[in-house]
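The values are calculated or read from the model by the stated rules, or taken from the named source; none is laboratory data. The structure presented is a predicted model; accordingly, all values stated were derived computationally and were not measured. Neighbour counts run over all protein chains shown; Cβ positions are idealised from the backbone, glycine included.
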Amino acid sequence: MVKQTEKDIDYSLIRAIQNGDMVAFSQLVDRYKGRLMNVIGRMLSSGEEAEDIVQETFVRVYQHRQSFNFQHCFSTWIYTIALNLARNELRKRKKFKFYDITDIQGSEMELAVEMKLPSHLPQALNSAIGSLPEKYRTAFMLRDVQEMSYEEVAKVLAVPLGTVKSRVNRARMMLRDKLQPRMEEYNALSKGTLLPVGLL
């Protein structure tokens, strides 16, 4: 038996939702709530506001379930909805907040914990990411934190593929330039304590 891909699972759930299956909708929420909170929670300063944006995202998904185009990835569609809602919120405030990466869960903890870096570096990394211009920051978060493909990031952000690669590379270079002096100062660039290759 062929194992279902992530895309197959999404398509199966959205088809069931289109037919009125609320259990399938609940499963879809379970699949994407954590992922969306991971990105939106770092775009907004308030976890409560991020929760509201994510909930509104699922409301929009349900409201527009019949209009979903199966020629596209569901993940691209839902991220686009969530990011647009988050951007609208940021525009209302007319200011951008820093991402809080000190509470990153799961495999991403390697950025700050598994490397056994000096205790000041999580804050330094948070500050460095927060200081990136929004367009570089968003591309970096989707590609290197959410591990989306360049192609999917391009669709979510509605920019050419080359632009995404340029923004992610620029973000990585900016982070390297901001963090390297601090890491060298604490002798943290010795063997076994380098930042992940993708970041450097």
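Which one of GLN4, GLN27, GLN18 is at pLDDT 90 or above and either crowded, with 17+ Cβ neighbours inside 10 Å or out of contact with any Phe, Trp or Tyr (no Cβ under 8 Å at 6 or more places or on another chain) (or both)?
On the way: GLN4 fails: at pLDDT 90 or above; GLN18 fails: either crowded, with 17+ Cβ neighbours inside 10 Å or out of contact with any Phe, Trp or Tyr (no Cβ under 8 Å at 6 or more places or on another chain) (or both).
That would be GLN27, the only listed residue that is at pLDDT 90 or above and either crowded, with 17+ Cβ neighbours inside 10 Å or out of contact with any Phe, Trp or Tyr (no Cβ under 8 Å at 6 or more places or on another chain) (or both).
What's the number of the only condition in (1) out of contact with any helix residue (DSSP H, G or I) (no Cβ under 9 Å at 6 or more places or on another chain); (2) farther than 22 Å from ALA158 by Cα; (3) modelled with pLDDT of 75 or more; (4) of a type outside the set (Phe, Trp, Tyr) that GLN71 fails to meet?
Checking GLN71 against (1) out of contact with any helix residue (DSSP H, G or I) (no Cβ under 9 Å at 6 or more places or on another chain); (2) farther than 22 Å from ALA158 by Cα; (3) modelled with pLDDT of 75 or more; (4) of a type outside the set (Phe, Trp, Tyr), the one that fails is (2).
Looking at ASN84, is it of a type outside the set (D, E, K, R) and in a loop (DSSP other than H, G, I, E, B)?
For ASN84, the condition - of a type outside the set (D, E, K, R) and in a loop (DSSP other than H, G, I, E, B) - is not met.
Does LYS116 satisfy being at pLDDT below 85, among the basic types (Lys, Arg) and at positive phi?
On the way: at pLDDT below 85: yes; among the basic types (Lys, Arg): yes; at positive phi: yes.
Judged against the criteria, LYS116 is a match.
Would you point out the residue of segment 1-59, among those that are of a type in the set (Ser, Thr, Tyr) and under 16 Å from TRP77 (Cβ atoms), that is farthest from the chain's Cα centre (by Cα)?
So in segment 1-59, the residues of a type in the set (Ser, Thr, Tyr) come out as 5, 11-12, 26, 32, 45-46, 57.
So of that shortlist, the ones also under 16 Å from TRP77 (Cβ atoms) come out as 11-12, 32, 57.
Numbers: TYR11: 21, SER12: 24, TYR32: 11, THR57: 15 Å.
Per the criteria, the residue is SER12.
Name the pairs: first residue in segment 64-83 and farther than 25 Å from ALA50 by Cβ, second residue at pLDDT 90 or above, Cβ to Cβ under 7 Å, at least 6 apart or on different chains?
Listed pairs, sorted by first residue: GLN66/GLN18; PHE70/TYR11.
Can you name every residue in segment 138-153 that is without any contact (Cβ under 8 Å) to a residue 40 or more places away in the chain, part of a helix (DSSP H, G or I) and surrounded by fewer than 22 Cβ atoms within 10 Å (Cβ to Cβ)?
Narrowing segment 138-153 to residues without any contact (Cβ under 8 Å) to a residue 40 or more places away in the chain: 139-140, 143, 147, 149-151, 153.
From what is left, the residues that are part of a helix (DSSP H, G or I) are 139-140, 143, 150-151, 153.
Matches in segment 138-153: TYR150, GLU151.
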